[in-house]
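The structure appears below as C-alpha cells.
The values are calculated or read from the model by the stated rules, or taken from the named source; none is laboratory data. Only a predicted model underlies this, so the values are computations on that prediction, with no experimental measurement involved. Virtual Cβ from ideal backbone geometry, glycine too; neighbours counted across all protein chains shown.
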Amino acid sequence: MRTTDAIHLGLMLLALAAAYLVPFELLLLAYVVLGPAHYFTEISWLHDRSYFLPHRGIAVALVALAIAAALIDNASWFGFAMWAALIGCAMLAATKSAAEGTLLFIVAIGLAGVMYASDAPFAVIGILIPTLIHVSLFTLVFMALGATRSGSPAQVALVIVYLVAVAVILLAPPTAEVRIAAFAQAAKDYFGNVGPALSRLFGIPGLKLDTRLTSLLAFVYTYHYLNWFIKADVIRWTDISRTRLALMIAASAASTALYFYDYAFGFTFLLALSLTHILLEFPLNSLALRQLGGALQDGVRGLAGHKAAATARPRPTSAGIAKRRKRP
C-alpha cells in the first residue's frame, strides 16, 4: 500500500470514529470549517480546467443559478433547478454526439414528467442532490473510477472500506450524547429535511435526523472534504500561485468566521457557496459517470473475451496425448 493510500485509509477511519463520538458537532464543524476550504480550492481547480465545459461562459450561468437557487423558498422549484442543471451539464460534458445529447434530453424529460406526476419528487431531489448524492454517491464514483483506472488493490480496498463504514453506521448506529447543544440544534435546523426526503424516496415512514442519519451525514461530509484534500498530489489542485492560495485561505477563514459571527447570514452565504461549487462540479460528475461506465464495460468485455478465448482453445485429444508420450 502506498503512503497516500495509507493516509487515505487513516483519514477515513478517523472520520468514522469521530462520527460515532460526536456526530452532531462533527457534521456542523465539517460543513462550516472544512467546507469553505474545499469549495474555494475546488472552484479554483475547476476554473483552470474550464470547468470541463465547452465554453467558460456557461460557468457564469451556473454560478447565477446557484445564487438564485439559494434564495428560492419553494422546495419543488429548487429541486427542478438542481435537476435541470445536472441534466444540462451532462448533455454538455458527457455526451459525444448530438444523437446522444438528444437521447439524454428525451429520457430526462420523461423522468421529469414522472416526477412531476408524483408526490413532490422535485422537492426530494432538491434536498438529496446537494447533500447525500453529491457528498456520498459522487465521491464513491470518483473512488471507483480511480480504483478501476489504477488497478490498485489498495484503492479497491478503500472503496470496500467506505461501503462497509456506511453499512456499519446504518446497521449499528452510535449512541453518542450531544455535547454542544447549540451545534446539535444548528445541525437539525439545516439538515433536518434530509430525513423526510429519504422517507419519501424509499417509502419508509418516520425517518428524521436522528443519531443514525446524523452520523451518516457527518461521516460522508467529513470524508468528502478530507478526500479532496488528500488528492492534492494526484490532481494537483495546489499547483497555483502563492497569491491565489493566500486569497483562498483568507476567503475560507472569513467564511467560517462569518458563520460564527451571524450564523443565519453565514449559513445563507455558505449555502450559496456550496451550491456554486456543486453546480460547477456537475460537468465533471457527469463525465466521471460516463468514464466509470465505459471502464466497467471494457472490463466486462475483456473478461468475456478471455473466457471465449479459453473456451475456443483446442483441447488435447487422446491421440495427441499418445503421440507426445511416444516422443523420446
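A few points about this structure:
- Enumeration of residues in the range 262-286 that are modelled with pLDDT of 90 or more and either part of a loop (DSSP other than H, G, I, E, B) or of a type in the set (G, A, S) (or both): A272, S274, S286
- Residue check, L16 in contact with a helix residue (DSSP H, G or I) (Cβ under 7 Å, 6 or more places away or on another chain), over 12 Å from V220 (Cα atoms) and in a helix (DSSP H, G or I): no
- Test result for L245, under 28 Å from L13 (Cβ atoms), without any contact (Cβ under 8 Å) to a residue 40 or more places away in the chain, surrounded by fewer than 18 Cβ atoms within 10 Å (Cβ to Cβ) and not basic (K, R): no
- Scanning the range 184-234 for residues that are aromatic (F, W, Y), buried (at least 18 other Cβ atoms within 10 Å of the Cβ) and more than 15 Å from L132 (Cα to Cα) yields a count of 1.
- Taken over the range 68-121, residues that are among the hydrophobic types (A, V, I, L, M, F, W, C) and not in a helix (DSSP H, G or I) amount to 4.
- Helices (runs of 4 or more DSSP H) wholly inside the range 146-261 that include at least 1 residues being modelled with pLDDT of 85 or more: 153-171, 211-230, 232-235, 242-261
- Subset of the range 113-138 that is of a type in the set (V, I, T) and under 18 Å from A30 (Cβ atoms) - its residue that is nearest to the chain's Cα centre (by Cα): V135
- Scope the range 242-261; condition over 17 Å from H277 (Cβ atoms) and of a type in the set (K, R); matching residues: R242
- Tally of residues being surrounded by fewer than 17 Cβ atoms within 10 Å (Cβ to Cβ) and within 16 Å of A187 (Cβ to Cβ) across the range 255-267: 2
- So T139, is it under 23 Å from V63 (Cβ atoms), in contact with a helix residue (DSSP H, G or I) (Cβ under 6 Å, 6 or more places away or on another chain) and of a type in the set (S, T, N, Q): yes
- Among the residues of the range 260-274, the one identified as in contact with a Gly (Cβ under 8 Å, 6 or more places away or on another chain) and more than 16 Å from A70 (Cα to Cα) is F260.
Residues checked against (1) small (G, A, S); (2) without any contact (Cβ under 8 Å) to a residue 60 or more places away in the chain:
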| position | (1), (2) |
| --- | --- |
| A93 | yes, no |
| L111 | no, yes |
| I129 | no, no |
| T139 | no, no |
| A147 | yes, yes |
| L158 | no, no |
| I169 | no, no |
| S199 | yes, yes |
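- The set of residues in the range 49-62 that are surrounded by fewer than 17 Cβ atoms within 10 Å (Cβ to Cβ) and either in contact (Cβ under 8 Å) with a residue 24 or more places away in the chain or not in a helix (DSSP H, G or I) (or both) comprises R49, P54, H55, R56.
- Cβ pairs under 8 Å, 6+ apart, first in the range 275-298 and charged (D, E, K, R), second assigned to a helix (DSSP H, G or I): E281/E42; E281/L46; E281/H134; E281/F138
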